[in-house]
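Participant: This structure is in structure tokens; I'll ask about it shortly.
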């Protein structure tokens, strides 16, 4: 078992958001934000792209742009559960051997970063691949909203094993800190196992879903990329995304 040969990208999306209501439908230069994320995923060119929508209005926006959407139960507990349900409906025969879970609030993500998430799966021992970027701003080192991935990457090393994820400043001592980017490439059986697991003790304490996998003995490796994509959570973030995506 090496790198999967037939991945699918699934973008979970739901309207409920406290800081930016109806976030997936937020307008960016004439199109909904979820459509921009779908376009970045298509540009990654690693396989079909599916939006797992909790509401029909979001699915309709994606379909109107030419995309594929699956309607999922709006009461599912997490984006990973939504991704799993959608891919099971889209591909019940299991033809797609990996699932890339791409957040629906990353309209400026580099398609190359989406592709990079599969690199850790070159190692057959890895269940889940994800992304990190080196922290360069001092204020992010102490910010609990910036999740840190603890991984020992030697100079020039682009992929390595994740030992832990935390909101604390870690590890201690001289050396780089890594900002975790919440995009995951699951082997198909790993996704099924993950969503069947109960929430972990550390997951509930840190409020980090990926710790459930580590607590259960699953292996997560990280791929190092150059930049952290803009996550749109507030009106100010939306203004930044509009500026970054402005036609040139």
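Participant: By how many nm would the segment from residue 168 to residue 234 grow when fully extended, if each residue of separation counts as 0.36 nm and the alpha-carbon distance is taken off? All intermediate terms of the calculation are to be shown ahead of the outcome.
Facilitator: Values: separation 66, 0.36 × 66 = 23.76 nm, distance 2.31 nm.
Stretched out fully, the residue 168 to residue 234 stretch lengthens by 21.4 nm.
Participant: Between 117, 78, 13, find the one with the highest GNM mean-square fluctuation for the chain; connect C-alpha pairs within less than 10 Å.
Facilitator: Answer for the Gaussian network model of the chain: 78.
Participant: Rg and Dmax of the stretch 1-106 over Cα atoms: what are they, in angstrom?
Facilitator: 13.2, 43
Participant: With a 10 Å cut-off between alpha carbons and a GNM built on the chain, which of 30, 200, 160 moves the most?
Facilitator: 30
Participant: Suppose the chain between residue 215 and residue 125 were pulled fully straight at 0.36 nm per residue; how much longer would it get relative to their current alpha carbon spacing? Don't jump to the answer; show the numbers that get you there.
Facilitator: Working: separation 90, 0.36 × 90 = 32.40 nm, distance 1.63 nm.
Fully extending the segment from residue 215 to residue 125 adds 30.8 nm.
Participant: Follow-up question, since we're still on this one. Over all pairs of distinct alpha carbons, what does the Kirkwood formula give as the hydrodynamic radius of the stretch 63-139, in Å? Each step should come with its number before you reach the end.
Facilitator: Details: mean 1/r = 0.0662 Å⁻¹.
That comes to 15.1 Å for the stretch 63-139.
Participant: Further question on the same structure: Take the Cα atoms of the chain, build their convex hull, and give its volume per residue in Å³.
Facilitator: Hull volume over Cα atoms, normalised by residue count, gives 132 Å³.
Participant: Using 0.36 nm per residue, how much length does the chain from residue 192 to residue 142 gain when fully extended, once their Cα-Cα distance is taken away?
Facilitator: Between residue 192 and residue 142, full extension yields 14.6 nm more.
Participant: Once the Cα atoms of the stretch 159-214 are picked out, what are the Rg and Dmax in Å?
Facilitator: Answer for the stretch 159-214, Rg first and Dmax second: 12.8, 39 Å.
Participant: At a Förster distance of 22 Å, what's the computed FRET efficiency of residue 63 paired with residue 242, Cβ-Cβ distance as r, to 0.05?
Facilitator: 0.40
Participant: Assuming a ≥ b ≥ c are the square roots of the Cα gyration tensor eigenvalues, decide whether the stretch 87-128 counts as rounded (a/c under 1.5), prolate (otherwise, with a/b larger than b/c) or oblate.
Facilitator: oblate
All of the numbers you see were taken from the coordinates with simple rules; none came from a lab. What you see is a predicted model; the values in this text were computed from it and never measured. Every residue, glycine among them, receives a Cβ derived from its backbone with ideal geometry; neighbour counts consider all protein chains shown.
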